[in-house]
Amino acid sequence: MFFLAAAMLLAVSTLSAKPDKPEKEFKKDGKERIEKQIKFYVDTFGLDEQKAAQFSEMYRSYNKALHAIHEQYKPEKRVNRDVPPTDEEIEKHMLADFAKSRAILNTRETYYKRFRTILSAKQVAMIYHNDKCRKEGCREDKKHAHKKGEFPSERPDFKPNQKPDHTVSR
């Protein structure tokens, strides 16, 4: 009886085990992700070789600058999570978060000016929008959905001074 139970347990655990896949399939390398983004933007914007080379270098530099900011302002890990944070810890975290936000905003503004030397404002807006969506996740409503690179004001059903309907239909 014991052997039968052990054999069944072994069979169930073998069947339920997931096959080993290389970690790279689950988590893409940051450089590989950036190269795919560059290729996407170059293809989408139809950049010639010279502008594509300029954009590629600029976009890599932009991502490197943002990565450095995130590394610089990485929050300290709390040792004891069972105890609620003190007011001083919360204030320190909030002030560091404000500083990080300012640094990111300054970097985005600086690179906006650089990107504008080779891209249109609409193209730069698309880059920044896609970055925001990738980091925060964007909700795509049918009501507010629009084509890539199109602003709501360019839609045929757009009415100026129309208040947006933020209700969620279920």
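The values are calculated or read from the model by the stated rules, or taken from the named source; none is laboratory data. None of the values given here were measured: they were computed from a predicted structure. Neighbour counts are summed over all protein chains in view; Cβ atoms, including those assigned to glycine, are modelled from backbone coordinates with ideal geometry.
I'm trying to understand the selection: among the residues of segment 38-60, which are touching a residue at least 24 places away in the same chain (Cβ under 8 Å) and within 19 Å of Thr110 (Cβ to Cβ)?
Our first condition is that a residue be touching a residue at least 24 places away in the same chain (Cβ under 8 Å); within segment 38-60, this holds for 41, 44-45, 47, 51, 54-55, 58-60.
Matches in segment 38-60: Tyr41, Gln54, Phe55, Met58, Tyr59, Arg60.
Please state which one of Glu76, Glu49, Glu88 is more than 18 Å from the chain's Cα centre (by Cα), surrounded by fewer than 10 Cβ atoms within 10 Å (Cβ to Cβ) and modelled with pLDDT under 90.
Details: Glu49 fails: modelled with pLDDT under 90; Glu88 fails: modelled with pLDDT under 90.
Selected residue: Glu76, the only one of Glu76, Glu49, Glu88 that is more than 18 Å from the chain's Cα centre (by Cα), surrounded by fewer than 10 Cβ atoms within 10 Å (Cβ to Cβ) and modelled with pLDDT under 90.
Hey, among the residues in segment 102-119 that are of a type in the set (A, V, I, L, M, F, W, C) and assigned to a loop (DSSP other than H, G, I, E, B), which one's surrounded by the fewest Cβ atoms within 10 Å (Cβ to Cβ)? Give the steps one after another, and end with the answer.
So the first thing to find is which residues in segment 102-119 are of a type in the set (A, V, I, L, M, F, W, C), and the list is 103-105, 115, 118-119.
From what is left, the residues that are assigned to a loop (DSSP other than H, G, I, E, B) are 118-119.
Working: Ile118: 16, Leu119: 21.
Within segment 102-119, the match that is surrounded by the fewest Cβ atoms within 10 Å (Cβ to Cβ) is Ile118.
Is it the case that some residue within segment 94-101 is at pLDDT 90 or above, loosely packed, with under 12 Cβ neighbours inside 10 Å, under 27 Å from Ala52 (Cβ atoms) and not acidic (Asp, Glu)?
No; the residues of segment 94-101 include none that is at pLDDT 90 or above, loosely packed, with under 12 Cβ neighbours inside 10 Å, under 27 Å from Ala52 (Cβ atoms) and not acidic (Asp, Glu).
Is it true that Asn63 is at pLDDT below 95, surrounded by 12 or more Cβ atoms within 10 Å (Cβ to Cβ) and under 30 Å from Thr44 (Cα atoms)? Walk me through it before giving the result.
Working: at pLDDT below 95: yes; surrounded by 12 or more Cβ atoms within 10 Å (Cβ to Cβ): yes; under 30 Å from Thr44 (Cα atoms): yes.
Yes, satisfied.
Output the number of the condition that Val83 fails; it satisfies all remaining conditions of (1) of a type in the set (A, V, I, L, M); (2) over 17 Å from Lys132 (Cα atoms); (3) surrounded by 11 or more Cβ atoms within 10 Å (Cβ to Cβ).
Among (1) of a type in the set (A, V, I, L, M); (2) over 17 Å from Lys132 (Cα atoms); (3) surrounded by 11 or more Cβ atoms within 10 Å (Cβ to Cβ), the lone unmet condition for Val83 is (3).
Would you mind stating whether Ile69 is in a helix (DSSP H, G or I), touching a Leu at 6+ places or on another chain (Cβ under 7 Å) and among the aliphatic types (A, V, I, L, M)? Let's see the steps before the verdict.
Values: in a helix (DSSP H, G or I): yes; touching a Leu at 6+ places or on another chain (Cβ under 7 Å): no; among the aliphatic types (A, V, I, L, M): yes.
Considered against the rule, which asks whether it is in a helix (DSSP H, G or I), touching a Leu at 6+ places or on another chain (Cβ under 7 Å) and among the aliphatic types (A, V, I, L, M), Ile69 comes out as no.
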